[in-house]
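Each remark here refers to the structure printed beneath this line.
The values are calculated or read from the model by the stated rules, or taken from the named source; none is laboratory data. Source: prediction; values computed, not measured. Cβ placement follows ideal geometry from the backbone for every residue including glycine, while neighbour counts extend to all protein chains displayed. All accessible areas refer to the heavy atoms of the entire protein, side chains included, with ligands and DNA or RNA removed. Shrake-Rupley method; radii C 1.70, N 1.55, O 1.52, S 1.80 Å.
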Amino acid sequence: MASRASRPRQNVPELPEVETVRRGLEKVLPGRRADRVVVTGRRTVRRQSPGELVSRLTHRRFGLPDRRGKYLSLPLDDGQVLVVHLRMSGQLTWVERPAEVAPPNHTHVVVGLDDGSELRFTDPRTFGEWFVTDELGAGGLPAIFDLLGPDPIAEGLSTTELAGILANRSSALKTVLTDQRAIAGIGSIYADEICFAAALRPDRPARSLSRDEVRQLAAKLRSVLRAAVKARGSSLRDAAYRDLMGELGGYQARHCVYDRAGEPCRRCGGRVTRVRFGARTAFCCPDCQV
Ligand SMILES: [Zn+2]
């Protein structure tokens, strides 16, 4: 078992966690009007002034929440979009009766909705971000999303597309899987779990995969992410990730390799190992991942 000091923190909520938050928002946000917007965090709003965000968001009604990769896209009734990125430790919480629940420490944005409920954003590490934009790109989504690779759940990712993404990339498979410009939404946890499910080493050069291996990877990429969404994401020991109602995710119990160094492989009984490549690390089973 790895020492506690060397354990990875949960770097960011990844696609399954952000999708779980989006599904929560879908139940409470559409049709609601932002009556009151308060920004107290100094770093949360940084692409525009907090005053500009407040004036662009106040009195607007929300449409149907969307998501690409780790970004939430919350359309407003005047054609603008509120973009939220949780980054390292950001958490959105919906509170039905705000008078009964004091905002926790590190609450940086509060949106009072017209039914008396509140949307709160807490973020101890302050890497999370909010901005309102009317610069739209493909599919009416914020233009900055055009820089992202395909989202495997929202848009799908075929074997042919994945083969094109991996071709000619000499960097490690995990490095490509977690490159948001190549594929949107995958971070360290799901890259390791997807590589394990596909029986591929995460430190292999991306371009070394055979067509059959790419096909297997595409299938496992979809199935791992879908299963994780169904389990409402992964919450690790630091419990940084909670859904919109404050509940923990359930997929961590099904992790096969992530943060399991020294423990037995669930497929072959070998030993899960933390491997290093370049400046990065990955958890894998060297006995059954090739
Ligand atoms: Zn194994």
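Some points to look at:
- Subset of the stretch 219-234 (residues that are in contact (Cβ under 8 Å) with a residue 40 or more places away in the chain and either over 13 Å from Ala197 (Cβ atoms) or within 16 Å of the ligand (Cβ to nearest atom) (or both)): Val229, Ala231, Arg232, Gly233, Ser234
- Scanning the stretch 160-176 for residues that are open to solvent by less than 20 Å² (accessible area, probe 1.4 Å) and either β-branched (Val, Ile, Thr) or assigned to a loop (DSSP other than H, G, I, E, B) (or both) yields a total of 1.
- Close pairs (7 angstrom Cβ cut-off, 6 or more residues apart or separate chains): within 8 Å of the ligand (Cβ to nearest atom) in the stretch 264-290, among the acidic types (Asp, Glu) anywhere: Cys265/Asp287; Cys268/Asp287; Gly270/Asp287; Val272/Glu263
- Residue count, the stretch 18-48 (criterion: more than 22 Å from Thr126 (Cβ to Cβ) and of a type in the set (Ser, Thr, Tyr)): 1
- Which listed residue is of a type in the set (D, E, K, R), out of contact with any Gly (no Cβ under 9 Å at 6 or more places or on another chain), at pLDDT below 95 and open to solvent by 30 Å² or more (accessible area, probe 1.4 Å), from Arg4, Arg33: Arg4
- Contact map, the stretch 23-37: first residue free of Cβ contacts under 8 Å to residues at least 40 places away in the same chain and in the same structural domain as Val111 (by TED's automatic domain parsing), second residue open to solvent by 20 Å² or more (accessible area, probe 1.4 Å) and part of a strand (DSSP E or B), Cβ cut-off under 8 Å, separation 6 or more or different chains; pairs are Gly31/Arg61.
- Tally of residues being crowded, with 24+ Cβ neighbours inside 10 Å and either at pLDDT below 95 or of a type in the set (D, E, K, R) (or both) across the stretch 177-220: 2
- Those residues of the stretch 113-146 which are open to solvent by less than 70 Å² (accessible area, probe 1.4 Å), within 18 Å of Arg56 (Cα to Cα) and without any contact (Cβ under 8 Å) to a residue 24 or more places away in the chain, in sequence order: Ala143
- Ala240 vs. criteria away from the ligand (no atom under 16 Å from the Cβ), closer than 19 Å to Thr178 by Cβ, open to solvent by less than 60 Å² (accessible area, probe 1.4 Å) and part of a loop (DSSP other than H, G, I, E, B): yes
- Each residue in the stretch 243-276 was checked for being open to solvent by less than 30 Å² (accessible area, probe 1.4 Å), touching a strand residue (DSSP E or B) at 6+ places or on another chain (Cβ under 9 Å) and not in a loop (DSSP other than H, G, I, E, B), and 1 of them qualify.
- Scan of the stretch 177-208 for residues that are under 16 Å from Val224 (Cβ atoms) and part of a helix (DSSP H, G or I), ordered by number: Leu177, Ser188, Ile189, Tyr190, Ala191, Asp192, Glu193, Ile194, Cys195, Phe196, Ala197
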